[in-house]
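Below: one structure, written as structure tokens.
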Amino acid sequence: MVAVSKLREMYETMVTARHYEERLQEEYLEGKQPAFDISAGPIPGELHLAAGHEASGAGVCQHLRDDDTVTAPHRPHHIAIAKGVDLKRMTAEIFGRRTGLSKGKGGHMHLFDPDVKFACSGIIAEGCPPAVGAGLAAKQRNTDSVAVAFLGEGAIDQGAFLESLNLASVQNLPVVFVVEDNDWAISMPKERVTDVENGAQRAGGFDLPGTRVDVDDAVAIYEAAGEAIGRARDRNGPSLLEVQVHRRMGHFMGDAEGYRPDEDQAAAERRDSIERLESDLRAHDVDDETIEELRDRAHERVEEAIEWAKEQPEPDPDDAYEDAFVNPPSGVTDSEPSIAETGGVD
Ligand SMILES: Cc1ncc(C[n+]2csc(CCOP(=O)(O)OP(=O)(O)O)c2C)c(N)n1
Ligand SMILES: [Mg+2]
């Protein structure tokens with residue numbers, strides 16, 4: 001049985017993640033109307049929110065230490081929060097501020113926090129090869145740290161994922177692949193693009209254990225992840241875990257979801273893993289007052305992070321030339337004519 005202290009920790013993580021997404025949703029919409037100008041408002045650019053995915057981040061990362069590596073996809077906030085990424089600097093990054101994790105240059109799909117070994121990418125399945133690299137490093141260094149790569153069910157036919165499964169298997173690396181199945185890849189239902197109903201079946205082709213958790217249940221995910229991560233830490237090799245989650249919001253902010261049947265949306269709302277975990281807490285005699293306290297603390301943390309981020313300075317335009325491979329790019333210094341003036345480069 002899962003200790004009640006673990007349930008409380010997971011609950012706090014999940015409530016933090018949910019409130020974070022709801023608050024970002026509000027902040028994002030500011031200034032973007034009426035014609036939905038994606039570059040306007042305090043959060044410019046695309047935003048993929050993960051409300052409904054919380055059980056996955058919390059259930060898996062509850063087993064991880066700071067020295068374990070996590071790679072996440074384009075819908076990363078719930079995972080970053082569960083891994084312990086600095087919430088203030090992450091928020092500043094999302095708001096494009098200079099004190100953000102990537103100096104405001106990466107935005108919400110490119111969060112990197114070396115202190116807790118977290119990275120994410122907007123290219124789907126792209127977190128898999130680096131996680132295999134981290135697993136190989138752990139093996140070579142003879143440590144017991146592990147790596148976890150999160151990806152969506154829409155990415156399970158990508159070469160980067162399948163090649164990573166293969167390499168992790170032949171090298172017997174401490175890597176766990178976690179597929180978050182929310183039934184959709186943008187507007188594409190998974191049955192139209194994937195031959196397997198259960199993504200964990202992919203493991204069979206690479207001689208790995210594969211498990212699927214069929215319900216949006218943080219406790220079930222925690223238990224399945226504990227087995228997979230324990231196996232990796234004990235140097236018994238990689239595994240694949242698929243977890244059912246749900247998408248409460250559009251694929252990205254601004255998605256009108258015309259492709260999505262109302263009943264699918266309603267079913268997603270009914271499958272709320274946070275309410276489920278709240279019932280579990282009550283069954284363990286955790287009273288309403290304690291649940292309220294956990295929720296209040298989570299909300300306060302989110303508000304503080306957003307407030308802090310909004311007070312942070314914007315990057316200077318010249319900062320664009322720092323952290324670049326070519327610095328400054330040819331044609332942009334004062335002494336040289338600009339690319340526009342020369343008519344471009346060969
Ligand atoms: C290699 C690559 N191909 C296509 C895209 C465009 N794209 C962005 S998200 C997405 C669908 C992802 O679906 P899924 O993996 O199920 O994740 P979800 O959005 O459901 O969390 C696609 C095709 C991309 N980012 N990278
Ligand atoms: Mg999906």
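What follows is calculated from the coordinates using simple rules that are stated; it is not laboratory data. This is a predicted model, so every value here is computed, not measured. Neighbour counts are summed over all protein chains in view; Cβ atoms, including those assigned to glycine, are modelled from backbone coordinates with ideal geometry.
Computed from label points 7 Å out along Cα-Cβ, the spacing between GLN265 and ASP296 is 3.4 nm. When the chain is described by a simple charge dipole with +1 on each Lys and Arg Cβ and -1 on each Asp and Glu Cβ, the residue from ALA55, ALA137, VAL176 located farthest towards its positive end is ALA137.
Taken over the C-alpha atoms, the stretch 208-323 has Rg and Dmax values of 20.4, 57 angstrom. By the rule of a C-alpha distance below 22 Å, with chain neighbours fewer than 8 residues away ignored, the lysines paired with LYS310 are LYS32, LYS88, LYS103, LYS105.
Which peptide among 197-204, 10-17 comes first, and what is the full order, when sorted by highest mean count of other Cβ atoms within 10 Å? Intermediate results must be reported in sequence, preceding the final value.
On the way: 197-204: 18.1, 10-17: 24.9.
So the order, starting with the most tightly packed, is 10-17, 197-204.
Summarising the label geometry, the points placed 7 Å from Cα in the beta-carbon direction at ASP285 and ASN166 lie 5.5 nm from one another. Farthest towards the positive end of the charge dipole of the chain, among the residues ALA298, ALA309, LEU7, is the Cα of LEU7, using unit charges on the Cβ of Lys, Arg, Asp and Glu. With the biggest extent put first, the Cα atoms of the stretch 30-152 measure 55, 29, 22 Å across the principal axes. When a/c reaches 1.5 or more, the comparison of a/b and b/c decides; with that in mind, is the stretch 4-315 rounded, prolate or oblate per its Cα gyration tensor? Rounded, because the longest to shortest axis ratio a/c is under 1.5. Spacing of the modelled spin labels on PHE252 and GLN33, each 7 Å from Cα toward Cβ, amounts to 2.1 nm.
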